[in-house]
1. In whole percent, and with a 1.4 Å probe on the protein chains, what portion of the accessible area of the stretch 511-555 is carbon and sulfur?
2. Too long at a 23 Å Cα-Cα cut-off: which of LYS449/LYS533; LYS229/LYS327; LYS134/LYS394?
3. Return the loop-located trypsin sites (Lys or Arg not before Pro) in the stretch 112-218 (DSSP other than H, G, I, E, B) with at most 14 other Cβ atoms within 10 Å of their own Cβ; answer none if there are none.
4. With a probe of 1.4 Å, find how much accessible area the stretch 492-620 has per residue, and write the answer as a whole number in Å².
5. If you roll a 1.4 Å probe over the heavy atoms of the protein chains, what accessible area per residue do you get for the stretch 137-195, in Å²?
6. Among ILE112, VAL139, TYR160, whose Cα lies farthest out toward the positive end of the dipole of the stretch 85-168, if unit charges sit on the beta carbon of Lys, Arg (+1) and Asp, Glu (-1)?
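The values are calculated or read from the model by the stated rules, or taken from the named source; none is laboratory data. Keep in mind that this is a model prediction, so the values were computed, not measured. Here Cβ is always computed from backbone atoms with ideal geometry, including for glycine, and neighbour counts include all displayed protein chains. Ligands, DNA and RNA are stripped out before the accessible areas are found, and what is left, the full protein with its side chains, is counted by its heavy atoms. Shrake-Rupley method; radii C 1.70, N 1.55, O 1.52, S 1.80 Å.
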Amino acid sequence: MLDTQEVIEYEKNIINFDAIINFFLRRRKIIIFSSAVLFSFFFIKTLNSYINNPIYRGSFSILIEDPIDNRPRLNSFQERLALNQFTYKLPTLIQYLKSEFVLNPVAEEIGISHKSLKSRISISLDGQKPFISKGILKVSLVGKNKIQNLIAMEKLSTRYLQAASNQRKLQLVTGIEFLDSEVPLIEARKSQINKKIKNFRIKNNILEPLQYANNIESKKILIDSNIQKLTSNLRRLNIIKQDISKNQFKVDGFIEALNDLGINIISSEQELIREYIDLKGIMADSKTRYNNDSKIIKNLQKRLDRIDPEIKRIQLESIDLAISSNKAKLNLQNRELEDINQDFKLQPNLLGEYQQLLTDLELAENNLVSLISAKENFRLQLAQKSLPWRIIEKPDVFPFPISPNVKNETLRNILISIFAGTIIAYLREITDKVLHSDDDIKKIIEPKKVPLIGSIPFIQNLGEEFDVENKSRLDVDDFLTSESFRNLSTSIRFLNVTDNNETNKFVITSASQSEGKTTISCLLSKTFADLGKKVLIIDGDMRKPSVNKFFKIDNLIGLSNFITDSELKLKNIVVKTKNPNLDILTAGTLPPDPVFLLSSDKMKSVNQELDDAGYDLVFIDAPPSRALADARLISEFCNLVIFVVGIEKSTKEDIVNTINLFRSSSDNALGIVSNRSKKSEYYYGKYSYNYYNKNLYNYYGNIDQDKKSSDQSKEINNKRIDFTKISKNATKYLNNFKKWLDF
């Protein structure tokens, strides 16, 4: 997992808030100026529209549905069909009200085109959510003239009511005509269906197929019941026959059993059976009074034995006769059932056909009744001339213009202006290749592993006097200079190029002119001299010497003479300064070809003599390296190349090209020094000029405030003088303005 520090670094890489703040601070002038210009333009335009071209809005409301009578106006399908209206469609109604057919009379009357009037009209449902009324339309009309708007709305409201009434009448008349044309067709269809029903009855010899089918169904149910009953009787008869054969059936219940089955026995057989039953009763009674060996008992038993076979025969014959009778009846019922089933199979088709004819007939009759009812209803409505449309809010024009809305327009213009100003500043930012801060430099040099060894803040009115020991003359600029150069000298020592016994030589260059390399060379030399180092500063720029101007000395004999004249000795041509540790070798006579001198063999002997001269440090102020080879030639004899980058002057390409150039020509160490060539209050970084001033003024309380006030007054006066000079030249003023704007 990522620790807290890694998370912070990750978030910084995603959104660099410092870079965003720096962008707004750096480009604030462009943003403010562009936004102010755009806002002024928009505001003047809005104000002009408000005064000269105001837009007024008027409105009126129309009731299009009866709010009390909730009964549907279209009571049947035939009425809806006749009026060609099935559902209420608001978009269609709005398009109709804005159509040329409706608006053209009003447009001609007020003297404008139909399209112009249509573009000024807006129609919507009245009310605000959730209280929007679906039965009220709000019609709005915009225009530049209040009176014309009011007149147009009055005429428009009258035209809408008239158009609605005409459309209503047209619908009713058209509906009646449609219904009149439909009645004969439906009557003809009804007559045709009746004829089909008559032919169906004749063809199938059935007056009422449905009743006939019901009769067949009832008969079929009865036969099914009889078959079930006969089948049950046969089962009982077979059981009784088996019981009789096994002598398990009682004789006294035989007649009742056959009667229950619907079978009658002949009277003679019934008499014999009753006689048998009576003897059985007498026998049972006698056994209660006599012994079994008595004569009476024996006689009775003989009579029973004689009658018993006859009784059994009668029972079996009766049962067989009953079985045969039931079987005959069952066969007859089955045959009848087959005939009925055969006839019943034909009934569904006949019933379906007949039922469809009846349905068609009923539908035709209902349609005819509905058409007649709808026609009478339309005639009643046409006679009543009723229409729910009413003007419930009279046309009225708002007293104040709706456009432009100064408050909303101003807020919108502010946002648009700020956004546009930011876009302009961003475009300037991405097209601006100049470096604006040390962070910009670090982003370029860190991947190339080149250190930023120093950062020099902007110093106002830097002069030749530089004495950090004289506290009575110490001001903030002197202190800033001393501290920044002490830090730079410390960084150079940390590069491990000043701790050996040999003379350390440093070449100081920049990409172009006016980036402060000469000033840095001179002040860095004085800083090391103040630290007790024996220092020699050489003006290696034999094209445009500057070191002698900084120290205000003559440039009679210098480096060019030392290289060309072998008789000259270094100790004879160096210039001594008030500081015993600091010597100066100027550029000397300007040669026609400095590159030739620097690449000559004599230069090697000069380098050796510098090593033997006893100096601890030698600083060589070289020409700009962008288009000249002087600095690269000098770097071959040096330990360290110090490349001065002018903030707000050097470009990213300058740094990359210089690093690649010196690395390809030598293996010497390379360090970057940033120099703020002009006052930059907008820099947000920790090394900004304001940061130094704010902290140092608080720290050093013994600064001479009177001198500070005097310097500020002098600066203000100088600005006034400069402003006077700039005002005399329009072109120069414009250029200075663009420079101030940083555009």
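1. 44 percent
2. Cα-Cα > 23 Å for LYS449/LYS533; rest within.
3. Here the sparse-neighbourhood loop sites are LYS134, LYS144.
4. 46 Å²
5. Ligands and nucleic acids excluded, the figure is 53 Å² per residue.
6. Sorting the options by dipole projection puts first VAL139.
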